1. Take the residues in the stretch A:696-709 that are touching a helix residue (DSSP H, G or I) at 6+ places or on another chain (Cβ under 7 Å) and outside any helix (DSSP H, G or I); name whichever of them is nearest to ligand 2 (Cβ to nearest atom).
2. Given the options A:443, A:371, name the one that is in the same structural domain as residue A:756 (by the TED database) and under 30 Å from the mean Cα position of the chain (by Cα).
3. Test residue A:769 against the criterion of being assigned by the TED database to the domain that holds residue A:405 and modelled with pLDDT under 90, and give yes or no.
4. Look through B:14, B:49 and report the one residue that is part of a strand (DSSP E or B), buried (at least 22 other Cβ atoms within 10 Å of the Cβ) and at pLDDT below 85.
5. Suppose we keep only residues that are modelled with pLDDT of 90 or more and more than 6 Å from ligand 1 (Cβ to nearest atom) within the stretch B:21-37. Which one would you say is nearest to residue B:62 (Cα to Cα)?
6. Could you tell me whether residue A:823 is facing chain B (nearest Cβ under 10 Å), buried (at least 17 other Cβ atoms within 10 Å of the Cβ), modelled with pLDDT of 90 or more and assigned to a helix (DSSP H, G or I)?
7. Would you pick out the residues in the stretch A:568-617 that are at pLDDT 90 or above and within 9 Å of chain B (Cβ to nearest Cβ)?
8. Specify the residue that is surrounded by the fewest Cβ atoms within 10 Å (Cβ to Cβ); the eligible residues are those in the stretch A:698-725 that are within 10 Å of residue B:42 (Cα to Cα) and modelled with pLDDT of 85 or more.
Ligand SMILES: Nc1nc2c(ncn2[C@@H]2O[C@H](COP(=O)(O)OP(=O)(O)OP(=O)(O)O)[C@@H](O)[C@H]2O)c(=O)[nH]1
Ligand SMILES: [Mg+2]
């Protein structure tokens, strides 16, 4: 029939037609000659969804129309499975059961649509060309408009057989019988059984296989109003408490304290596959339709992810990352003013209205609420280890549960984190801190003991210092209140000791003033010793064991002893050595350390300059002395304080005694030799070995030894009467001065560091089962943060600098991790009973996202959608099945079920079926072997059917003998 | 004074730190290195600081060497000296075993706690090599410790000045070999991680869970 059309062509057309055919032929010959390997090298492209299907194309012209011919071919790939339901099949492969094929179609750009006769004509042209080069490739041509997905096609299968393809689509009004398996079966049978034949008598061996796709109801169908379009932070310091009374999916996720995230997993699609079986009657088909998907041979699942996950424009996504973006904006603006107050008062100034609107300060009631949460709630000791990752400390911020970190997190959500809102909150925050200081109230969420953690940001160090100062001040006040009428309040007194031992002789030993002290003192415990800035030295004290020696009260009065030092005796007096109570080494924040270092360095430098001019030894030596005089002043003070305390506790001690206690290594005992020769030395008191024999080390006994000089200058004074090494009043006031005069950009820099760390620490608490990749990713983000934030500590930042850009990129990195984590958390809670599945799906998602993560590049969007599927194991099926909750009355009312194979009352959203009939045919085209007739089983009829509850598509391939 | 005109030019500034028990000879080592003398010094109170200009590998270097006190009493204050050091010299006394064991029990921990520089080069130094007859720590033990802890190792004597120059020179050469330290040492250079490859999983971060 097609040939006839050709015969009617006139001569000129015929020649162009022939030219067209030979053109096609040439292209095909070239492709065949090249073979897959060469084609790959020549730039064949792989189809996105497939691992092994490639295509090349060529443009052709015929009668002023241009056509595009594409050759699809496979490269063997170890992952490609032979299954008919392989997910990476091309539509044509699925429809017609072919492997490689040609498609010829009008250039889509030309907008030409083929009607049926034209399509046939085109098809025959290719068919002729292919047979000319004796190719057995199938070729298909689209018919009608593309949305209809109708095709015709042909394949020369050798000399005798030809396979024809045909596919079409029914968009509406699918006859009821074609909604059911029985009807579809009969449709297939009708293609080869003559109507005269009685179907019920004749048995056809029809092969059948089916794939059904189910979709869970969206998790948040009823509350989709809330999700994306609520303004999260308009005036609320803390969203998610009063506005949302409905339980959110992430209520128990660590971030829910600050915001509610959209569930990134909208639902799941489940694919149930019935593998091939033989069907012999319509009745059997009807029964199959009653099958539950539980009877399917294979279950495959994949998640449907929220659109926002892949959306690069992060405008509608609320989370730590989005707020961090705003905080960076605030940092960028912080260079505008000298003090935080300037931002608040700037309200008077006329400015662009839009700027004003975005810089609203929330009403006082909100401020009050935030302050209350910061200062009044959770007075309990915070658990600073909570949420802390082992990498947390590399980010120079405050610990998550600390006062400043909580301030930063509140700021993120306060008035949408604009600079004015931050300024207003900060001023109130500092005011509140000052109140604590003035009233000697403990600073909440701050430890008042221990040393200052230099790995945290300066503000946190300062607050730690303040907390300690307040604590010391409180102790002083308590002492004061406990002992009304004390005449001795001026000196920063410390609790005097004498636990047990000296009870009897204390009345002689104590001065009247101190006698009073003792009465008001509480029993000594290690803590209050520590808290009051006193420490019992490292030596092992045995307070009970006060030897006889002490009863020989010396002229001087022993004060500030913490007990005796083992059985050590003084050198020049037959008394036990007492350990003095000493002052704690003063606490220092990093700027104080820095100051000290600079002093030392400046001096060292100036000396280096001198010495580079005069390289004499004398200068070198004098430098040591000078250094000791200036830069190590603090350590000298400590040493001097220790010596004074030692003198007070051991009134008869000499320098050597001090060294024996303080730096035992610089005292060389003669014990070793003495043991052998002790009998020869009758002077020695045999009981106590007194006086001890030995001498100072060489370096301690040198002339002009600094230690001795300090000793000589140190007065005998118990620690309690010394000038304190740390003056709480002065240091506390200095902290407040720092907080009150802090430059805006310095505040914002530290807020940025702390907020990043606190965000990561919060996210880190998310339970996601044991997803290894997630754990690694979180570990990495700390390291990334640390390296991006580092310049904030050293460089003088300026507005709009390159660092600001880096910080914005860091927000994007954080956003990736945050999104990844919500996916992990969501999967985890959905698959609590099937952890393997959540791990497998997460792993797929992670690998899918991997190329885009960690780079921090902005505005990158990929067309790719996540569609990796996971097979469900038998024991996991109940978990997946339970996700398909029975539809509520309301939901089932909306829908009339028309297909079978229900899963918990849900019908499939998509059904695919393949019917086929196979026959052994003699391959007599193998002319070389005429004697042995080659037998081959081929699909003589094959029908692929796919459809939903209101459309149907049928593709048929039929082999015939021409 | 930091802008004084007669300050010599230099290519890199490195901060080195000396730690170890009291009396192992840190100050003596430093004196031996900077002024080529040996004399008895008072135990360091707090910290001592010296600058030395050297030419190593064709580069002019300014070494700022911090000599800390081994005395326990000053230890809380020494933590800040670790910050930003490119090289840390851990000294023990080959005639006193406790000074060696304290390196792993006390000093290595301090480094982990306070050092801000992950790549910082560490060097183990056994001092007082001249008192060979009193030796209490073998060279083999020193080598083993250095290998386990991943640091350089040398034995020297501040008194006879054996290996003193080599000690500092080896350390500095190693620093010169480490790009990240070099970048810190030369002022004004910055590294931008976004312009380099994305951060790789390092051993410490990937080992968890
Ligand atoms: N024989 C010998 N003695 C040494 C050597 N180095 C140092 N000394 C001596 O060991 C003692 C301690 O030396 P220092 O340099 O003060 O020790 P340090 O490590 O600085 O001690 P601190 O400042 O307390 O931490 C001094 O008496 C030195 O003379 C050496 O190489 N050989
Ligand atoms: Mg010293």
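The values are calculated or read from the model by the stated rules, or taken from the named source; none is laboratory data. Just so you know, these numbers come straight off a predicted model, no measurement behind them. Here Cβ is always computed from backbone atoms with ideal geometry, including for glycine, and neighbour counts include all displayed protein chains.
1. A:697
2. On inspection, the qualifying residue turns out to be A:371.
3. Yes; evaluated as a whole, the condition is true for this residue.
4. B:49
5. Restricting to residues being modelled with pLDDT of 90 or more and more than 6 Å from ligand 1 (Cβ to nearest atom), the top hit is B:34.
6. Answer is no for this residue.
7. The answer is A:582, and nothing else.
8. A:698
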